[in-house]
Amino acid sequence: MSEFSKERTLVMIKPDGVQRSLIGEIIGRFERVGLKLVGLKIMVPTAKHVEEHYTLDPVWRTVTGEKTIASYKKNGKTPPSEDPLEITAVILENLKKYLTSSPSIVMVWQGAHSVGLVRKLVGGTEPLTSDVGTIRGDFVIDSYEMSDADGRAIRNLTHASGSVEEAEMEIKHWFSEDELIKYRLVGEQILYDVNLDGKLE
């Protein structure tokens with residue numbers, strides 16, 4: 001079997017996705033593309049666990065703050081601060097409130113190009129500007145403008161790892177090795193076997 005098939009990514013169905021009963025719909029999107037579910041749990045994380053998740057990457061706070069400031073300016077608005085760390089301090093507090101408010105589904109999906117495929121299926125971070133056909137584009141009406149006005153985190157149903165390296169860090173943060181199941185799906189033979197041998201009697 002191809003080494004590509006071993007790539008893994010972390011996906012979270014956030015509290016709004018759980019509360020809106022979209023768990024099956026979201027999982028179905030990943031199953032239909034050919035990914036394999038190898039880890040699954042339902043939990044209400046602590047605020048500490050949420051903060052650790054978002055700060056696994058030491059540059060997350062700076063990069064996210066800079067992107068937020070740039071987004072405000074691009075839309076002709078004045079950012080609440082010119083300091084990226086001040087911006088992300090507020091974002092982080094809002095994320096902690098959001099993700100500790102209700103259960104989330106945390107999953108590990110495995111398969112070729114899983115990180116990129118999941119990001120494509122999920123859509124952009126802001127639902128308003130996510131493409132039709134993506135999870136966020138199809139099921140959410142939220143926008144940065146609304147969430148900023150309300151002083152809360154954007155409700156965008158899911159989290160998905162941004163890179164293979166990020167996925168590896170995030171998976172270790174949410175799952176122990178013995179919580180991840182190694183098994184074969186019959187469909188993997190169609191997806192990964194080179195010659196499709198043995199299909200005719």
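Annotations for the structure displayed:
- Across region 157-201, the qualifying residues are those that are modelled with pLDDT of 95 or more and hydroxyl-bearing (S, T, Y), and the one among them that is surrounded by the most Cβ atoms within 10 Å (Cβ to Cβ) is T158.
- The residues of region 36-74 that are in a loop (DSSP other than H, G, I, E, B) and either touching a residue at least 40 places away in the same chain (Cβ under 8 Å) or touching a His at 6+ places or on another chain (Cβ under 6 Å) (or both), listed by number, are V44, P45, T46, L56, D57.
- Qualifying residue in region 5-20 (condition: touching a Pro at 6+ places or on another chain (Cβ under 8 Å) and either under 22 Å from I181 (Cα atoms) or not assigned by TED's automatic domain parsing to the domain that holds D142 (or both)): no
- Residues located in region 100-114, provided they are farther than 12 Å from T158 by Cβ, aliphatic (A, V, I, L, M) and in contact with a strand residue (DSSP E or B) (Cβ under 8 Å, 6 or more places away or on another chain): V108
- Every residue from region 126-140 that is surrounded by 17 or more Cβ atoms within 10 Å (Cβ to Cβ) and assigned to a loop (DSSP other than H, G, I, E, B): E126, S130, T134, V140
- Residues in region 86-112 that are in contact (Cβ under 8 Å) with a residue 60 or more places away in the chain and in contact with a Phe, Trp or Tyr (Cβ under 7 Å, 6 or more places away or on another chain) were compared, and the one that is surrounded by the fewest Cβ atoms within 10 Å (Cβ to Cβ) is A112.
The values are calculated or read from the model by the stated rules, or taken from the named source; none is laboratory data. Values in this document were obtained by computation on a predicted structure and should not be read as measured data. For neighbour counting, all protein chains shown are included, and Cβ atoms are generated from backbone atoms with ideal geometry for every residue, glycine included.
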